[in-house]
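Quick notes on the structure that follows.
The values are calculated or read from the model by the stated rules, or taken from the named source; none is laboratory data. Only a predicted model underlies this, so the values are computations on that prediction, with no experimental measurement involved. Positions of Cβ are generated from backbone atoms using ideal geometry, with glycine treated the same way; all protein chains shown enter the neighbour counts.
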Amino acid sequence: MAAPAKALQVLILPGDGIGPEVVAVGEKVLLNVGQKFALDLKVAYGEIGQGCVLRHGVPLTGETLQKALESDSVLLGAVGGSDPGSQAYAVRPEAGLLAIRKGMGLYANLRPVRLMGALVAVSPLKASVVEGVDLLVVRELLGDVYFGEPRGRGKNRRREEYAYNTMRYSRSEIERVARVAFQMARQRKGRVVSVDKANVLETGLFWREVVTRVQEEFPDVQLSHQYVDNCAMQLIRDPRQFDVILTSNLFGDILSDEASVLAGSIGMLPSASLGLRGALFEPVHGSAPDIAGRDLANPLATVLSVALMFRYAFGIPEAGSLIEKAVEQVLQEGYRTADIYAEGTRRVGTREMGEKVLTKVEELFRSGPA
């Protein structure tokens, strides 16, 4: 049953590289499905990343952040320039991404990794290893070396240059993201693996202690612990052992990108960032400037991020399921972008893949509930 009509503000940030191309597809799916579920969606646009630096001197303006704070949801494409080492840290495109996360208080990043049946052959791992993979990485997003102070560069007494970052976590930062992981596990198979480096890092030992204490609030959820190096190996050796992976900002960034091979391509991985002052949805992949503007990018991670938006920002899981089912059926019919192409399938571009998904959404919606 369609939800009652109400006005919802969505801020769209196309960003850099392939961002505008994949977001254009995601926006069409957003508006199409929103209309089907009687949502009154009001769309606004903003700048972030390299283009924003070129026009305004900063990767995120105060005006765009304010728009984000006033929105019910944010859809972001990709952020990143072609040469990250050529700019000062404060004006690198990626600094805009960290700034909007901090400004919106987005402390929990959800990265689902599910291998759709049609893509089993695309994964570089054997089918016997990856078939049926369905896990969720819950990554803490506002702490660790990404935000820890002090940070910077200097010179020692011998005038030798050095750089430093601070890995820092407070009890409350760990507690709040741990609760998200346990709550998500309750909706899944009821298992959480907490990933740290407790054998050599004080932050890792503290992380393990706090997560263990929070688990007492969730006696129905099973908790185990793994060191990050072991987890990286286990993701490739036996990925089906995982249900929910809870980890820190740095480890979550690395492990979720590694997990992209399980889904066939990083172009298939969506994400949702939830927090204190809103929600932001974006594909996990980067800006890929080498293929920007060539109609080669896979838009499905963005489309699946829109599905997460309906589920977590708008509270309409059936709309999210409709989109996910449409994507899966398009893949079953053999349509592929370059990153997931295999012999015997039909290669299509970014725009055509988007049209295939929209057509399938129409068919599924007419045939009944998702």
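Data table
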quantity: Condition met for Ile266 (under 12 Å from the mean Cα position of the chain (by Cα) and under 25 Å from Arg240 (Cβ atoms)); calculated: yes
quantity: Scope region 182-220; condition within 30 Å of Lys126 (Cα to Cα) and among the aliphatic types (A, V, I, L, M); matching residues; calculated: Met184, Ala185, Val192, Val193, Val195
quantity: Residue ID - surrounded by the most Cβ atoms within 10 Å (Cβ to Cβ), chosen from residues in region 63-80 that are of a type in the set (A, V, I, L, M) and over 18 Å from the mean Cα position of the chain (by Cα); calculated: Leu65
quantity: Region 329-346, residues that are of a type in the set (Asp, Glu) and surrounded by fewer than 16 Cβ atoms within 10 Å (Cβ to Cβ); calculated: Glu333, Glu343
quantity: Scan of region 281-312 for residues that are touching a strand residue (DSSP E or B) at 6+ places or on another chain (Cβ under 8 Å), polar (S, T, N, Q) and under 13 Å from Glu21 (Cα atoms), ordered by number; calculated: Ser287, Thr302
quantity: Residue in region 143-166 that is farther than 30 Å from Ala99 by Cα, touching a Pro at 6+ places or on another chain (Cβ under 8 Å) and of a type in the set (Val, Ile, Thr) present; calculated: no
quantity: Subset tally (residues that are touching a residue at least 40 places away in the same chain (Cβ under 8 Å) and outside any helix (DSSP H, G or I)) for region 342-358; calculated: 2
quantity: Which listed residue is of a type in the set (A, V, I, L, M, F, W, C), without any contact (Cβ under 8 Å) to a residue 24 or more places away in the chain and not in a loop (DSSP other than H, G, I, E, B), from Leu65, Leu76, Leu11, Leu54; calculated: Leu54
quantity: Filter pass, Phe251 being over 23 Å from Val145 (Cα atoms), assigned by TED's automatic domain parsing to the domain that holds Ala178 and either of a type in the set (Ser, Thr, Tyr) or touching a Cys at 6+ places or on another chain (Cβ under 9 Å) (or both); calculated: no
quantity: Strands (runs of 3 or more DSSP E) within region 81-182 that include 2 or more residues among the basic types (Lys, Arg) and farther than 24 Å from Val193 by Cβ; calculated: 152-155
